[in-house]
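Here the structure comes first, spelled out in structure tokens, and everything after it is commentary.
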Amino acid sequence: MTAPRVALLGMILESNRFSRPADMEDFKSLTLLEGEALLDEARKPTPSLAKEFSAFVRAMDATGDWQPVPILLAAAHPLGPVREAVFEDFADSMLGALDEAVDAVYLCLHGAMVAEHLDDPDGELLARLRRKVGVDVPIVITLDLHAN
């Protein structure tokens, strides 16, 4: 039996409509990691990325045999709505890199993101992801416990 392949991806932004829009530079200044660099950072003793992401990787490493498929994690400090082009670029990158043969998906979100063109970009990303992997692939999500 082969180890389950678990895709790792996420986009984190706590939005406030009274703040300026979040653009690509805001994500680059906090967290924008792809592929093996994402996994390497998550496994550091004091990673610079979201605690829930590194905790997920560490828990999976500690509990069994698995094959991580690190795709992309983008995070910015709290700001206004994410720019439409930025959201769509991240969504396209994540879904484009996602191998449909994964056994499960871990999606790291905040849950309070808004976009210039979407009131619920977290939900939209999840819906697109579900369409891509189908109904039989489990999707695990972490969220902050509040939302807009």
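When nucleic acids and ligands are ignored and a 1.4 Å probe is applied, Arg83 ends up with an accessible area of around 100 Å². Note on surface exposure: Lys132, Lys44, Lys28, Lys51 rank Lys51, Lys28, Lys44, Lys132 by accessible area, highest first, 1.4 Å probe.
For the pair the range 44-70 / the range 87-148, the C-alpha centres are spaced 18 Å from each other.
If ligands, DNA and RNA are left out, what is the accessible area of Asp61 with a 1.4 Å probe, given in Å² to the nearest 10? Rounded to the nearest 10, the figure is 70 Å². A cut-off of 5 Å between modelled amide H atoms, ignoring neighbours fewer than 5 places along the same chain, links Arg5 with Gln67, Asp103, Ala104. Applying a DSSP loop filter and a limit of 15 other Cβ atoms within 10 Å to the GluC sites (Glu not before Pro) in the range 44-148 leaves Glu100, Glu116.
Less than 5 angstrom separates the built amide H of Val82 from those of Ala22, Val114, Ala115, Glu116, all sequence-distant by 5 or more or on a different chain. Largest first, the residues Thr142, Thr63 sort by 1.4 Å accessible area into Thr63, Thr142.
Estimated from helices alone, the mean residue ellipticity of the chain at 222 nm is -10500 deg cm²/dmol (sum of -39500 (n - 2.57) over DSSP H runs with n ≥ 4, per residue). Note on Ser19: accessible area is roughly 50 Å² with a 1.4 Å probe, heavy atoms of protein only. Here the 3J(HN,Hα) profile of the range 13-27, calculated from phi with Karplus coefficients 6.51, -1.76 and 1.60 at θ = phi - 60°, is 7, 9, 9, 9, 4, 8, 9, 5, x, 8, 10, 4, 4, 5, 6 Hz, Gly and Pro shown as x.
The values are calculated or read from the model by the stated rules, or taken from the named source; none is laboratory data. Quick caveat: nothing in here was measured; it's all calculated off a predicted structure. Because the Cβ atoms are built from the backbone with ideal geometry, glycine has one as well, and the counts that use them run over all protein chains shown. Side chains are part of the model used for accessible areas, which takes the heavy atoms of the whole protein and leaves out ligands, DNA and RNA. Shrake-Rupley method; radii C 1.70, N 1.55, O 1.52, S 1.80 Å.
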